[in-house]
1. What are the residues in segment 36-50 that are at pLDDT 95 or above and open to solvent by 80 Å² or more (accessible area, probe 1.4 Å), if any?
2. How many residues are in a helix (DSSP H, G or I) and either open to solvent by less than 90 Å² (accessible area, probe 1.4 Å) or among the aliphatic types (A, V, I, L, M) (or both) if we restrict to segment 13-25?
3. Residue pairs, Cβ under 7 Å, 6 or more apart or interchain, first in segment 31-52 and in contact (Cβ under 8 Å) with a residue 12 or more places away in the chain and on the phi < 0 side of the Ramachandran plot, second in a helix (DSSP H, G or I) and open to solvent by less than 100 Å² (accessible area, probe 1.4 Å). List them.
4. Can you work out which of the residues in segment 51-71 that are among the basic types (Lys, Arg) and part of a helix (DSSP H, G or I) is modelled with the lowest pLDDT?
Amino acid sequence: MLVESLKSVYLNSLLEPSVPLRLKVQVLNNIETYLQEEEIRMIKEDQQWSMTSKKENLKEMGDVTSGMEDRRGPEVALVSAPIWAT
């Protein structure tokens, strides 16, 4: 919920003509910082997965769906589940 309200505040700050330019610049700087931190976090997670995937053989573990979560996220396994069930 906090994320949605923060998005709303940022969006309103950027769109409202009466908001000082300095505040708009700060909002954009905050968004840039957030995106950079998220990119770093995703790169670290990808590196961790790369190291883990080399050590583990998912087929030997008997976990067929784990291979679906590599870079595409758990949504792929959830979307594909009905196909396997038939």
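1. Residues satisfying the conditions are GLN36, GLU37, GLU39, ILE40, ARG41, MET42, ILE43, LYS44, GLU45.
2. The initial filter retains those residues of segment 13-25 that are in a helix (DSSP H, G or I), namely 13-15, 21-25.
Imposing the further condition that a residue be either open to solvent by less than 90 Å² (accessible area, probe 1.4 Å) or among the aliphatic types (A, V, I, L, M) (or both) reduces the set to 13-15, 21, 23-25.
Number satisfying all stated conditions: 7.
3. Qualifying pairs under 7 Å: ILE31/TYR10.
4. Within segment 51-71, the match that is modelled with the lowest pLDDT is LYS59.
The values are calculated or read from the model by the stated rules, or taken from the named source; none is laboratory data. None of the values given here were measured: they were computed from a predicted structure. Note that we place each Cβ from the backbone using ideal geometry, even for glycine, and neighbour counts take in every protein chain shown. Surface areas here come from the heavy atoms of the whole protein model, side chains and all, with no ligands, DNA or RNA. Shrake-Rupley method; radii C 1.70, N 1.55, O 1.52, S 1.80 Å.
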